[in-house]
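Engineer: Structure incoming, see below.
The values are calculated or read from the model by the stated rules, or taken from the named source; none is laboratory data. Quick caveat: nothing in here was measured; it's all calculated off a predicted structure. All Cβ positions, glycine included, derive from the backbone under ideal geometry; neighbour counts span all protein chains shown.
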Amino acid sequence: MSEHTDGREPRLRPGGAPVGRAAFLGTVAVGLSSLVWGKAAWDRVSGVVSPVAGTLLPVLPTSGWRIYSIADTMPRFDPTTWRLRVDGLVAEPLELDYRKLRALPRVEQVSTFHCVTGWTVQNVHWAGVRIADVIEPAEPRSGARALRFVSAEHPYDDYLTLEQTTLPDVMLAYEMDGKPLSRGHGAPLRLIIPDMYGYKNVKWLERIELVRVDGSGYWENLGYDRDAWVGHSNGYST
Amino acid sequence: MTGYVRRFSRTERTFHWVNAVFFLILLATGLVLYLPSLEVAVGRRPLVKDIHFWSGVGWVVALLVVALAGNTRGLMRTARDIDRFDRDDLRWLARRRPAPQGRFNAGQKVNAALTAAFTVLFVASGLLLWFGERDTRLRFASTVVLHDGLAFAALALFVGHLYLAVIHPATRHALRGMTVGTVSEEWATRHHPKWEPD
């Protein structure tokens with residue numbers, strides 16, 4: 001085969017060089033090392049890559065959202081029958097329908113949503129109501145120190161202490177990015193607490209129960225941290 | 001009237017199609033877990049998650065069973081073929097011609113090496129996702145980035161593979177080698193001149 005050697009050919013031992021295993025091992029090594037740098041790298045480039053990918057393939061979740069649920073079917077919102085119940089340690093248990101909810105003072109905020117599995121959505125525009133505006137009319141008793149947020153997706157629930165609900169940017173959201181909350185995002189109402197991981201941000205709210213102390217919610221019963229501070233819980237430290 | 005030569009043994013073909021079937025099951029269930037539109041439409045996330053995870057386990061087990069119960073020695077010899085790149089393979093990758101190829105061309109060798117690496121990485125990151133949900137010591141913020149990124153890389157490789165195996169006129173005859181096991185002698189001589197079939 002001398003007719004196609006031109007002097008610049010690499011010298012290989014007879015039988016060839018183990019390039020296949022080098023490609024295999026190299027790919028495995030790069031992939032495993034990405035467990036260290038993957039998220040930081042993706043956070044840097046996703047702003048450019050995602051819009052391009054979304055233009056090519058509009059079904060891609062270019063905003064970065066994943067839809068997680070724990071039951072067989074997602075709750076379906078019916079504005080005529082939906083109610084938010086506020087009960088527990090209150091003097092006047094109450095039920096809010098969707099019209100009354102929307103009549104409460106409206107607040108808006110832009111905050112970042114962090115999932116404990118590692119994905120993040122920057123600058124989400126939420127609109128909704130402050131928790132105080134929903135529970136004050138029920139006249140919480142003095143012994144009430146925590147809130148249990150119950151999802152229509154049974155048996156999902158989670159707790160915040162009363163103190164945690166007064167942190168900045170904690171709200172009950174009925175709009176996301178200018179549109180009514182979609183089914184996957186917890187229509188018609190979800191809890192938003194940006195300083196904690198997404199599993200505390202209960203979707204499909206149907207009940208707020210005032211209780212004496214906070215307890216373990218759905219994921220906490222499966223070993224997650226009760227206080228899910230972003231970057232300082234669930235094995236993460238920054 | 002051209003004759004046929006054997007390119008893939010029964011073990012090799014079984015190995016390939018077991019891999020293909022599990023890949024498609026994992027791709028389908030993975031897309032349901034990943035794409036918001038499908039996730040809302042299908043629901044039943046816990047069930048889909050279980051199917052996805054156990055299919056991943058079944059994938060590895062099935063490949064091991066085929067490799068160990070079938071013609072292991074033949075499979076190892078094929079792996080050696082895929083590992084070794086001679087001078088013509090490097091010319092082939094650099095798009096220089098002529099670059100006469102053996103039983104596998106250099107592109108097929110790269111495809112096989114990457115597919116094997118992706119399998120290892122899919123399994124590793126999948127196990128971390130599954131057990132990380134149960135034990136925070138196994139949770140890394142980048143696991144989901146790796147698993148999703150792999151899915152895109154593997155999908156791109158799969159689409160290219162499908163195109164060459166089913167559509168591209170010069171190469172699609174190779175599909176016959178992976179279904180009935182044999183390819184025409186004339187095609188083999190043209191595309192894989194340095195291959196000496198048994």
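Engineer: Being without any contact (Cβ under 8 Å) to a residue 12 or more places away in the chain and among the hydrophobic types (A, V, I, L, M, F, W, C) is the filter; apply it to the stretch B:93-113 and report the residue that is farthest from the other protein chains (Cβ to nearest Cβ).
Structural biologist: B:94
Engineer: Confirm whether residue A:78 is loosely packed, with under 14 Cβ neighbours inside 10 Å, within 9 Å of another protein chain (Cβ to nearest Cβ), in a loop (DSSP other than H, G, I, E, B) and not hydroxyl-bearing (Ser, Thr, Tyr).
Structural biologist: On the way: loosely packed, with under 14 Cβ neighbours inside 10 Å: yes; within 9 Å of another protein chain (Cβ to nearest Cβ): no; in a loop (DSSP other than H, G, I, E, B): yes; not hydroxyl-bearing (Ser, Thr, Tyr): yes.
So residue A:78 fails the test.
Engineer: Follow-up. Report, by residue number, each residue of the stretch A:91-125 that is more than 22 Å from residue A:51 (Cβ to Cβ), buried (at least 16 other Cβ atoms within 10 Å of the Cβ) and of a type outside the set (S, T, N, Q). Quick ask: steps written out before the conclusion?
Structural biologist: Looking only at the stretch A:91-125, we keep the residues that are more than 22 Å from residue A:51 (Cβ to Cβ), and these are A:91-109, A:116-117.
From what is left, the residues that are buried (at least 16 other Cβ atoms within 10 Å of the Cβ) are A:94, A:96, A:98, A:101-102, A:104, A:109, A:116-117.
Within the stretch A:91-125, A:94, A:96, A:98, A:101, A:102, A:104, A:116 qualify.
Per-residue answers, yes or no, for (1) assigned to a strand (DSSP E or B); (2) farther than 21 Å from residue A:198 by Cβ:
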position: A:125; (1), (2): yes, no
position: A:132; (1), (2): no, yes
position: A:137; (1), (2): no, yes
position: A:142; (1), (2): no, yes
position: A:147; (1), (2): yes, no
position: A:160; (1), (2): yes, no
position: A:164; (1), (2): no, no
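Engineer: Among the residues of the stretch A:168-203, what is the count of those that are within 18 Å of residue A:67 (Cβ to Cβ), assigned to a strand (DSSP E or B) and out of contact with any Pro (no Cβ under 8 Å at 6 or more places or on another chain)?
Structural biologist: Selection size over the stretch A:168-203: 7.
Engineer: Six or more apart or on different chains, Cβ atoms under 7 Å: show the pairs whose first residue is in the stretch B:140-167 and within 11 Å of chain A (Cβ to nearest Cβ) and whose second is of a type in the set (Lys, Arg).
Structural biologist: Cβ pairs passing all conditions: B:141/A:39; B:142/A:39; B:145/A:39.
Engineer: List the number of the failed condition for residue B:69; all other conditions in (1) in contact (Cβ under 8 Å) with a residue 12 or more places away in the chain; (2) more than 8 Å from every other protein chain (Cβ to nearest Cβ) hold.
Structural biologist: Of (1) in contact (Cβ under 8 Å) with a residue 12 or more places away in the chain; (2) more than 8 Å from every other protein chain (Cβ to nearest Cβ), only one is false for residue B:69: (1).
Engineer: If you don't mind, there's one more thing I want to ask. Just the residues that are of a type in the set (A, V, I, L, M) and within 14 Å of another protein chain (Cβ to nearest Cβ), please, taken from the stretch A:191-238.
Structural biologist: Residues of the stretch A:191-238 of a type in the set (A, V, I, L, M): A:191-193, A:196, A:202, A:205, A:208, A:210-211, A:213, A:222, A:228, A:230.
Correct list: A:222, A:228, A:230.
Engineer: From B:144, B:120, which residue is closer than 16 Å to residue A:31 by Cβ and buried (at least 20 other Cβ atoms within 10 Å of the Cβ)?
Structural biologist: Details: B:120 fails: buried (at least 20 other Cβ atoms within 10 Å of the Cβ).
Answer to the check: B:144.
Engineer: Residue check, residue A:71 against (1) of a type in the set (Gly, Ala, Ser); (2) surrounded by fewer than 16 Cβ atoms within 10 Å (Cβ to Cβ); (3) touching a helix residue (DSSP H, G or I) at 6+ places or on another chain (Cβ under 9 Å), all met but one. Which one?
Structural biologist: (2)
Engineer: Checking residue B:82 against (1) surrounded by fewer than 18 Cβ atoms within 10 Å (Cβ to Cβ); (2) within 8 Å of chain A (Cβ to nearest Cβ); (3) modelled with pLDDT of 95 or more, which test does it fail?
Structural biologist: Of the numbered conditions (1) surrounded by fewer than 18 Cβ atoms within 10 Å (Cβ to Cβ); (2) within 8 Å of chain A (Cβ to nearest Cβ); (3) modelled with pLDDT of 95 or more, the odd one out for residue B:82 is (1).
Engineer: Taking residue B:136 as meeting all but one of (1) closer than 30 Å to residue B:3 by Cα; (2) free of Cβ contacts under 8 Å to residues at least 12 places away in the same chain; (3) not aromatic (Phe, Trp, Tyr), write down the number of the exception.
Structural biologist: Of everything listed in (1) closer than 30 Å to residue B:3 by Cα; (2) free of Cβ contacts under 8 Å to residues at least 12 places away in the same chain; (3) not aromatic (Phe, Trp, Tyr), residue B:136 misses just condition (1).
Engineer: Taking the stated definitions as given, is residue A:214 buried (at least 17 other Cβ atoms within 10 Å of the Cβ) and touching a Ser or Thr at 6+ places or on another chain (Cβ under 7 Å)?
Structural biologist: Numbers: buried (at least 17 other Cβ atoms within 10 Å of the Cβ): yes; touching a Ser or Thr at 6+ places or on another chain (Cβ under 7 Å): yes.
Against the criterion (buried (at least 17 other Cβ atoms within 10 Å of the Cβ) and touching a Ser or Thr at 6+ places or on another chain (Cβ under 7 Å)), residue A:214 qualifies.
Engineer: Scan A:177, A:169 and give me the residue that is out of contact with any Leu (no Cβ under 7 Å at 6 or more places or on another chain), charged (D, E, K, R), within 14 Å of chain B (Cβ to nearest Cβ) and surrounded by fewer than 18 Cβ atoms within 10 Å (Cβ to Cβ).
Structural biologist: Values: A:169 fails: within 14 Å of chain B (Cβ to nearest Cβ).
Testing whether each residue is out of contact with any Leu (no Cβ under 7 Å at 6 or more places or on another chain), charged (D, E, K, R), within 14 Å of chain B (Cβ to nearest Cβ) and surrounded by fewer than 18 Cβ atoms within 10 Å (Cβ to Cβ) leaves just A:177.
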